[in-house]
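Notes follow once the structure below has been shown.
The values are calculated or read from the model by the stated rules, or taken from the named source; none is laboratory data. Predicted model only: the values in this text are computed from it and were never measured. Virtual Cβ from ideal backbone geometry, glycine too; neighbours counted across all protein chains shown. Protein only, heavy atoms only, side chains kept; ligands, DNA and RNA dropped before computing areas. Shrake-Rupley method; radii C 1.70, N 1.55, O 1.52, S 1.80 Å.
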Amino acid sequence: MGSKNNSYFLTALRDGQFVPYFQPQFNYETDAITGVEVLTRWVKPDGFVISPGSFIAEFERTGFIYEMDKYIWDTACATFASWKAKGYAIPSISVNVSRYDLYHSDMADYLLGLLSKHGLALRDVHLEVTESAYSDDTTQFLDALGDLRRRGFVIEMDDFGSGYSSLCALKEMPVEVIKLDGDFLSEEDCFHRCGKIILSVVNMAHSIDIAVVAEGVETREQADFLKSVGCRYMQGFLFSKPMTADDFENAFCRNTYRFSSVELPGRESGESIDFFDIESQNTLIFNSFVGGAAILTRDQTGTVRAVRMNDMFYRMVGIPRDEYMKRQYDFLAGFDAESAEAFTDALDVAASTGGEASCMTLSPDIDSKGRAFWSHNRLRLIARKVELEIFYLSIEDITERVELSSRNEELLKAIEEREDIFMNAAEQVNMFFWKYDIRTKEMFPCFRCQKYLSLPQKVENYPQPAIDTCIFPEGLHYREVMERVDRGEDIDEIMPLTCERVPFRVRYTVKRDKDGNPSVAYATALPVSE
Ligand code: C2E
Ligand code: CA
Ligand code: CA
């Protein structure tokens, strides 16, 4: 039955019914096209287009897949060569390779033959190999891949994250690019559950110089999220569906699209590494840098080491280089627990965003005398080497500021406490008190006056507002009393207050300034018990 089907498929192939479609990949930060994936469509004579989901598995079963793939690779290479001839600077195409193709010993030779037939280079045609193929027959599979790699082909690991063996596969497969499976993004609550996985996959891949292309990107939110975790290469319906060669040429080649190839993470940030080189120009700048600065590394176990510090760093921290040495190899151990956590969080943010992150830390005993040191830290990722993140740290000594503000806090607390005692005492004896500024005629009532007599914190043009609100009932001699206070006379009299004319003993004690002129008066009012 297989052979019968194969002859039917072969006729379709000779008829040109298998057609390569093209889907672009983008750098989301620059909008440049970084590559194109070739995806096959079966176009029936009646024009009906069938997706590979309905025929690839069948072709793999019957063995026809190799015939189809060779044909598609050939056709796609011809198209790509014609684009190059027209001057379109598309960096590369990626073709899909079935694991069954890998079992054909002539596959690599066939591909090399295609390259020379169409005048293409090895890096022009990337091979996408699906990750799930890894689990089948590991040895044969890895041998085939190793052979392709040795011959110079660029291999991309397809559908990364869809299988169970992703991590092992990544370790052993000789790949330059992984394509992150679109299913990771399709979940509704993806950003909660999968966000962290994606973040660590991206970081891990970058740390071993592997680029990540996210597949199946359909929404702006997904794209923004991916960008935020450092994955900038994307492919998906948000940008474009797969389309015929003509459509692709019209849409992307004839107008203003820019092209640039995928950059491998290790190469991008390479120039920062010479911070480690004692003689380098950067070292000079680093050492004469005005602020305290250090270069930190973090390995995969999370251990943070300070590998370089400038002179100002030691001056700020306030200890000599040799005394600092013992802290340097476990940088986090010098902090208190809360600070160590804040510092780790800031490192994570700096690593994942590529931007600046900051935090405040306390080193409870920075020197042998047990002195505490508060620092405001600013962190930036400067490079990723294999299994190592490298950060730039600048510090600012805020010990004095922190201690000052905590002292102020103590002082305020003491004052509050005293006020508390006073207020309670006033409440117990049922006393009201206030301050009267003789020169400005401002009256400052106590808390109880404000509460029971609905007075504001400051009463202007005293005593008029008290007369208006009937605290001082109409027709009595309060105005004269205040005139006597203004002249500097102390008062001690019984007076009826409020509309209910409750008798109060009211006392004013007048204070004078250094010239002997009356300036303020302190007053109390106590209800007269019958
Ligand atoms: P694949 O290699 O993972 O290709 C990506 C698939 O995702 C393609 O499906 C593509 O059309 C689809 N896609 C692209 N953007 C989006 C998006 O934003 N959302 C969603 N939901 N899907 C998106 P397609 O073309 O149906 O191909 C299915 C699979 O068939 C491919 O998966 C590949 O494994 C295989 N295949 C396709 N062409 C060939 C071929 O020429 N040879 C071989 N051996 N396999 C092929
Ligand atoms: Ca693919
Ligand atoms: Ca895929």
If a residue has to be surrounded by 20 or more Cβ atoms within 10 Å (Cβ to Cβ) and more than 16 Å from ligand 3 (Cβ to nearest atom) to count, how many in the stretch 213-223 make the cut?
1
Look through Phe472, Phe504, Phe447 and report the one residue that is under 57 Å from the mean Cα position of the chain (by Cα) and in contact (Cβ under 8 Å) with a residue 24 or more places away in the chain.
Phe447
I'd like the full set of residues that are within 15 Å of ligand 1 (Cβ to nearest atom) and open to solvent by 10 Å² or more (accessible area, probe 1.4 Å), limited to the stretch 27-37.
Tyr28
Can you list the helices (runs of 4 or more DSSP H) found entirely within the stretch 224-341 that contain at least 1 residues being modelled with pLDDT of 80 or more and surrounded by fewer than 18 Cβ atoms within 10 Å (Cβ to Cβ)?
245-248, 311-317
By residue number, the members of the stretch 93-112 that are open to solvent by 10 Å² or more (accessible area, probe 1.4 Å), away from ligand 3 (no atom under 16 Å from the Cβ) and in contact (Cβ under 8 Å) with a residue 24 or more places away in the chain are Tyr100, Leu102, Tyr103, His104, Tyr110, Leu112
With the requirement that a residue be assigned to a loop (DSSP other than H, G, I, E, B) and β-branched (Val, Ile, Thr), what does the stretch 28-65 give you?
Thr30
Could you look through the stretch 81-130, keep only residues that are of a type in the set (Val, Ile, Thr) and within 14 Å of ligand 1 (Cβ to nearest atom), and pick out the one that is nearest to Leu39 (Cα to Cα)?
Val95
Check off (1) surrounded by 15 or more Cβ atoms within 10 Å (Cβ to Cβ); (2) in a loop (DSSP other than H, G, I, E, B) for Ile390 and give me the number that stays unchecked.
(2)
